[in-house]
Amino acid sequence: MLTKENIVPSDVLYALLDLSRVTATMRNVVSELDFARQDGSRIDELDTVSSLLRVTDDAINSLAQACERFDAMNFDEPNFGLSGPIRAALKDYDEKEAVFRPLIDKLGDTDLCEAEWKAKEAAEEVLIRTPCVTLADVRAKARLAIKDENVFDSITNCRASDGHMGTIFLKSILNEEAGQ
C-alpha cells in the first residue's frame, strides 16, 4: 500500500500502469457483452459503463505518461534530467570558472584576469537568464546559487538593464520571460 511516507515517483507511475491494466481488462470484458436487450433496445447502463471505463482508462494512461518522466529521473544525481539549454549554460559557466579561478589565484588582478572575469560573468548571466523547463533545471540552478558565492551575489545584489538579477533568476526558474 502506498502512503505519503514511503512513496517515490516510480511508485506512482507503476500504480497508474497497474490501474490502467485493470481498466483496460474491464473495458475488454464490457465490450464483449451484448449491449442489446431481447426486445432489440440498447442497454443504456452498459453504454454508460463502457463510456466511463474508456474515459477513466484514457485519463489514467495520460497521467501515467506524464509521470513517466519522473520515473526516468535520478533525483540523487545532480545533472540527470537537465534540459539542453541549462546543461549548455552550466557547462559554459563551469568552463569559464575553471579558466578564471587559477588565473586570479596565480596572477592577481591583471588585464588577462579582467578579460576572463568578464567572460565568466557573461556566462553566469546567460545561466541566470536561461529558463528552466524541468525540475532538474530548477534544482541545478538553485544548487549553483547556494554553492557559488559569486552567483549568489549576482542574484541578490546586481541589476541589469532590464531589472534586478534576483527577479530575472526567479522568472527563469518559473520559465517566464525576464526581458532580454
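Below are the figures for this structure:
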quantity: Descending Cα extents along the principal axes, region 122-167, whole Å; calculated: 28, 21, 17
quantity: Per-selection Kirkwood Rh - the chain (Cα, Å, 1 d.p.); calculated: 20.6 Å
quantity: Length released on extending from Ser83 to Phe152, taking residue separation times 0.36 nm less the Cα-Cα span; calculated: 22.7 nm
quantity: The chain, accessible area per residue, ligands and nucleic acids excluded (1.4 Å, Å²); calculated: 65 Å²
quantity: Local electrostatic count, Phe169, Cβ distance below 9 Å [Lys/Arg +1, Asp/Glu -1]; calculated: +3
quantity: Rounded tilt (10° steps) of 84-107 against the dominant C-alpha axis of the chain; calculated: 20 degrees
quantity: Residue list for region 111-151, given a label point 7 angstrom along the Cα-to-Cβ vector of Ala98 and an amide N cut-off under 15 Å; calculated: 120
quantity: Efficiency of FRET between Asp105 and Ser62 - r from beta-carbon atoms, R0 45 angstrom, step 0.05; calculated: 0.25
quantity: The chain: relative contact order in percent, alpha carbon pairs under 8 Å with at least 6 residues between; calculated: 17 percent
quantity: Efficiency of FRET from Cβ geometry, Arg21 and Glu177, R₀ 35 Å, rounded to 0.05; calculated: 0.25
quantity: Peptides 140-150, 120-130 ordered by average Cβ neighbours within 10 Å, highest first; calculated: 120-130, 140-150
quantity: Pairwise Lys count, the chain - Cα closer than 19 Å, eight or more residues apart or different chains; calculated: 14
quantity: Most to least packed among 35-41, 170-176 [average Cβ atoms within 10 Å]; calculated: 170-176, 35-41
quantity: Normalised alpha carbon radius of gyration of region 76-177 [divisor 2.2 N^0.38 Å]; calculated: 1.08
quantity: Arg143-Glu114 FRET efficiency (beta carbon distance; Förster radius 30 Å; 0.05 resolution); calculated: 0.60
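The values are calculated or read from the model by the stated rules, or taken from the named source; none is laboratory data. Fair warning: this is a prediction, and the values are worked out from it, not measured in the lab. Cβ coordinates were reconstructed from backbone atoms using ideal geometry, including for glycine residues, and neighbour counts include every protein chain displayed. What goes into the accessible areas is simple: the full protein's heavy atoms, side chains included, and nothing from ligands, DNA or RNA. Shrake-Rupley method; radii C 1.70, N 1.55, O 1.52, S 1.80 Å.
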